[in-house]
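Chemist: Just passing along the structure, written as structure tokens.
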Amino acid sequence: MLDTEQLRASIRTVPDFPKPGIQFRDISTLLANPAALHTSVTLLAREVRSSGATLVAGMEARGFIFGAAVAIEAGVGFVPIRKPGKLPVETIGVDYALEYGSDRLEIDPGAIDAGDKVALVDDLIATGGTALAATQLVRMTSADVATALFVVDLPDLGGATRLRNAGISVTSLLSFEGE
């Protein structure tokens with residue numbers, strides 16, 4: 001297992017992407033590092049188990065990478081939260097605002113049972129729009145969001161605070177100041 005500083009060092013920072021002044025936190029380098037990936041999955045799975053979650057839900061697309069691995073490690077099932085038109089069954093969906101427009105997330109409502117406790121898992125929390133939309137979707141199935149887990153938090157963008165204000169417990173393995 002890596003310590004926090006080793007895990008932090010496994011994430012590449014790309015300056016001025018996607019626009020000047022942004023410090024993009026690229027997890028591709030973490031994914032390519034087996035010790036960093038293993039550490040991330042192990043630590044997130046511990047949080048899933050301690051939350052009492054019965055399912056993990058991961059948001060498209062990087063949430064699939066971490067979410068599925070965390071679900072296996074925690075011994076629970078995995079539910080994908082998809083972009084529109086990706087599921088072959090009737091879905092429920094939520095539209096949500098982005099910085100420059102809007103997007104939509106959908107799930108198969110039959111994949112989550114009423115009363116399930118769901119851990120949301122994604123690579124990064126920024127403004128929190130995607131995670132709040134995922135929370136709304138899970139709640140539409142009469143399930144509960146037990147916790148929201150992220151590898152990286154960008155606290156200056158306020159997403160984790162927005163989730164906490166919505167009554168969701170939030171844990172991130174790492175925090176990076178700035179955008």
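Chemist: Report Rg(Cα)/(2.2 N^0.38 Å) for the chain, keeping two decimals.
Modeler: 0.98
Chemist: Also, I was wondering about something else. Calculate, in nm to one decimal, what Ser175 and Thr42 gain on full extension: separation in residues at 0.36 nm each, minus their alpha carbon distance.
Modeler: So the extension gain works out to 46.1 nm.
Chemist: Pulled fully out, how much extra length does the chain show between Ile72 and Ile92, if you take 0.36 nm times their separation in residues and subtract their Cα-Cα distance?
Modeler: 4.7 nm
Chemist: How large is ³J(HN,Hα) for each residue in the range 23-40, as worked out from phi by the Karplus curve 6.51 cos²θ - 1.76 cosθ + 1.60 (θ = phi - 60°), to whole Hz, x for Gly and Pro?
Modeler: Those phi angles translate into 9, 6, 8, 8, 7, 4, 6, 5, 4, 7, 9, x, 5, 5, 5, 4, 4, 4 Hz.
Chemist: Calculate, for the chain, the solvent-accessible area per residue in square angstrom, rolling a 1.4 angstrom probe over the heavy atoms of the protein chains.
Modeler: 47
Chemist: Hey, another quick one. Using a 1.4 Å probe on the protein heavy atoms, what percent of the accessible area of the chain belongs to carbon and sulfur?
Modeler: 52
Chemist: Also, I was wondering about something else. Scaled to the compact-protein estimate 2.2 N^0.38 Å, what is the alpha-carbon radius of gyration of the range 50-101, rounded to two decimal places?
Modeler: Compared with the compact-globule rule of thumb, the range 50-101 sits at 1.32.
Chemist: Sticking with the crude label model, points 7 Å out along Cα→Cβ, report the distance from Thr13 to Asp156 in nm, one decimal please.
Modeler: 0.9
Chemist: Under the rule of at least 5 residues apart or a separate chain, name every residue whose amide H is placed under 5 Å from the amide H of Thr91.
Modeler: none
Chemist: So how do 110-121, 141-152, 30-41 stack up, highest first, on mean other-Cβ count within 10 Å?
Modeler: Highest mean packing first, the order is 141-152, 110-121, 30-41.
Chemist: While we're here: At most 14 other Cβ atoms within 10 Å and a DSSP loop assignment: could you name the trypsin sites (Lys or Arg not before Pro) in the range 5-90 that fit?
Modeler: Loop-located and lightly packed - Lys86.
Chemist: Based on alpha-carbon centroids, what's the gap between the range 1-46 and the range 92-151 in Å, whole number please?
Modeler: Each part's Cα centre sits 23 Å from the other's.
Chemist: Return the distance in nm (one decimal) between the two label points of a simple spin-label model at Thr4 and Ala114, each offset 7 Å from Cα along Cα→Cβ.
Modeler: If labels sit at Thr4 and Ala114, their model points lie 4.2 nm apart.
Chemist: With unit charges on the beta carbon (Lys/Arg positive, Asp/Glu negative), name the residue among Gln136, Gly67, Gly77 whose Cα is farthest towards the positive pole of the charge dipole of the chain.
Modeler: Final value for the positive-end residue is Gly77.
Chemist: May I pose another question? Report the antiparallel proportion of the DSSP beta bridges in the range 23-179 as a percent, rounded to a multiple of 5.
Modeler: Bridges in the range 23-179 are about 25 percent antiparallel.
The values are calculated or read from the model by the stated rules, or taken from the named source; none is laboratory data. Quick caveat, the model's predicted, so the values are computed rather than measured. Ideal geometry is used to build each Cβ from the backbone, glycine not excepted, and the neighbour counts take in all protein chains shown. Surface accessibility is based on the protein's heavy atoms, side chains included, excluding ligands, DNA and RNA. Shrake-Rupley method; radii C 1.70, N 1.55, O 1.52, S 1.80 Å.
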